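No lab work stands behind these numbers, since they all come straight from the coordinates. A quick note: this is a predicted structure, and the numbers were derived from the prediction, not measured. Backbone-built Cβ (ideal geometry, glycine too); neighbour counts: all protein chains shown.
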Amino acid sequence: MQPRIIYENDEGGVAIVVPSPEALQTLTVQQIALKDVPTGKPFKIVTTDDIPSDRTFRSAWEVEPSILTDGVGADYGVGSTKDVIGWDENNNPILRGDAG
């Protein structure tokens, strides 16, 4: 069962982030969600079992916002002007321009 990250897109549908095996070798699913979910959007980490297998009506999928409780897209995520250039020993992002 592979992890997936879901969040509500701007049209009210469901966006699904599929972490690559390569990304999962260096980042946690939480880190991937923080950087790949748009800034300020709540998200939930689920497994492939939680995603409907029938994609016929995928554009009509909805998610109950109250279940999106695993975090919120970070201010260095999609849509941000900040760039993550690495991760420190505590798994915190190192942002371009941050004074370390």
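Worth pointing out:
- Between T47 and D10, the FRET efficiency estimated from the beta carbon spacing at R0 = 30 angstrom works out to 0.75.
- For region 40-78, the list of chymotrypsin sites (Phe, Trp or Tyr not before Pro) that fall in a loop by DSSP and count at most 12 other C-beta atoms within 10 angstrom reads F57.
- Note, ³J(HN,Hα) from phi for region 57-69, Karplus 6.51, -1.76, 1.60, rounded to Hz, x at Gly and Pro: 10, 3, 5, 9, 4, 10, 10, 6, x, 5, 8, 7, 10
- Proximal charge balance of A15 [Cβ under 13 Å; K/R count +1, D/E count -1]: -1
- For Cα extents along the principal axes in Å, calculated from these coordinates, the label among (1) 47, 27, 20; (2) 71, 37, 17; (3) 41, 27, 21: (1)
- Listed by chain and number, the aspartates and glutamates placed with their C-alpha closer than 12 angstrom to that of K44 are E8, E64, D70; residues fewer than eight positions away on the same chain are left out.
- 5 angstrom amide H check on I94, placed H, neighbours 5+ away: I85, G86, W87, D88
- Put simply, the amide H of L68, placed in the peptide plane, has no neighbours under 5 Å, leaving out anything fewer than 5 places away on its chain.
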